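Engineer: Pasting a structure here, questions to come.
The values are calculated or read from the model by the stated rules, or taken from the named source; none is laboratory data. The shown structure was predicted, so the numbers you read here are calculated from the model rather than taken from an experiment. Cβ placement follows ideal geometry from the backbone for every residue including glycine, while neighbour counts extend to all protein chains displayed. Ligands, DNA and RNA are excluded from the accessible area calculation, which covers all protein heavy atoms including side chains. Shrake-Rupley method; radii C 1.70, N 1.55, O 1.52, S 1.80 Å.
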Amino acid sequence: MSKTIKTKYRMRAIIIFLSIFIASSAFSQSLNEKWLEQINKGKSEYAVNNYSEALEFFTKASSLIPTDT
(Lines give C-alpha, C1' and ligand atoms only; values in the text may rest on other atoms or scores of the structure.)
Protein backbone atom coordinates (compact mmCIF):
# COMPACT_ATOMS: atom_id res chain seq x y z
CA MET A 1 0.00 0.00 0.00
CA SER A 2 1.17 3.44 -0.74
CA LYS A 3 1.55 6.07 1.93
CA THR A 4 -1.34 8.17 0.59
CA ILE A 5 -3.76 5.23 0.75
CA LYS A 6 -2.75 4.51 4.36
CA THR A 7 -3.29 8.17 5.20
CA LYS A 8 -6.76 8.10 3.62
CA TYR A 9 -7.71 5.02 5.68
CA ARG A 10 -6.43 6.65 8.85
CA MET A 11 -8.38 9.82 8.17
CA ARG A 12 -11.55 7.81 7.53
CA ALA A 13 -11.03 5.85 10.73
CA ILE A 14 -10.52 9.06 12.71
CA ILE A 15 -13.64 10.63 11.20
CA ILE A 16 -15.72 7.54 11.97
CA PHE A 17 -14.40 7.40 15.55
CA LEU A 18 -15.13 11.09 16.14
CA SER A 19 -18.62 10.75 14.67
CA ILE A 20 -19.42 7.84 16.98
CA PHE A 21 -17.97 9.70 19.97
CA ILE A 22 -20.02 12.83 19.28
CA ALA A 23 -23.20 10.84 18.68
CA SER A 24 -22.78 8.87 21.91
CA SER A 25 -22.15 12.07 23.86
CA ALA A 26 -25.30 13.64 22.46
CA PHE A 27 -27.34 10.54 23.30
CA SER A 28 -25.94 10.44 26.81
CA GLN A 29 -26.75 14.10 27.41
CA SER A 30 -30.26 13.60 26.13
CA LEU A 31 -30.74 10.62 28.44
CA ASN A 32 -29.46 12.62 31.41
CA GLU A 33 -31.86 15.45 30.62
CA LYS A 34 -34.79 13.04 30.42
CA TRP A 35 -33.78 11.45 33.71
CA LEU A 36 -33.48 14.83 35.44
CA GLU A 37 -36.83 15.94 34.05
CA GLN A 38 -38.54 12.86 35.51
CA ILE A 39 -36.81 13.35 38.87
CA ASN A 40 -37.89 16.99 39.04
CA LYS A 41 -41.48 16.11 38.14
CA GLY A 42 -41.44 13.46 40.86
CA LYS A 43 -40.14 15.95 43.41
CA SER A 44 -42.85 18.44 42.45
CA GLU A 45 -45.61 15.86 42.83
CA TYR A 46 -44.16 14.63 46.12
CA ALA A 47 -44.03 18.19 47.47
CA VAL A 48 -47.79 18.57 46.97
CA ASN A 49 -48.56 15.12 48.46
CA ASN A 50 -49.34 13.42 45.13
CA TYR A 51 -47.42 10.33 46.11
CA SER A 52 -48.71 7.94 43.47
CA GLU A 53 -47.87 10.39 40.66
CA ALA A 54 -44.47 11.04 42.23
CA LEU A 55 -43.80 7.32 42.35
CA GLU A 56 -44.64 7.03 38.64
CA PHE A 57 -42.14 9.76 37.75
CA PHE A 58 -39.44 8.27 39.97
CA THR A 59 -40.06 4.85 38.43
CA LYS A 60 -39.74 6.30 34.92
CA ALA A 61 -36.49 7.99 35.97
CA SER A 62 -35.09 4.76 37.37
CA SER A 63 -35.86 2.96 34.12
CA LEU A 64 -33.66 5.49 32.27
CA ILE A 65 -30.57 4.60 34.30
CA PRO A 66 -28.35 2.20 32.34
CA THR A 67 -27.68 -0.99 34.28
CA ASP A 68 -24.97 -2.45 32.03
CA THR A 69 -22.15 -0.18 33.17
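Engineer: Cross-link candidates for LYS60: which lysines have Cα within less than 26 Å, leaving aside residues fewer than 8 places away along the same chain?
Structural biologist: Partners found: LYS34, LYS41, LYS43.
Engineer: Note down the nm distance, to one decimal, between modelled labels 7 Å out along Cα→Cβ at SER63 and at ASN40.
Structural biologist: Placing both labels 7 Å beyond Cα along the Cβ direction yields 2.1 nm.
Engineer: Accessible surface of LEU18 in the full protein assembly, 1.4 angstrom probe, to the nearest 10 Å²?
Structural biologist: Looks like 80 Å² after rounding.
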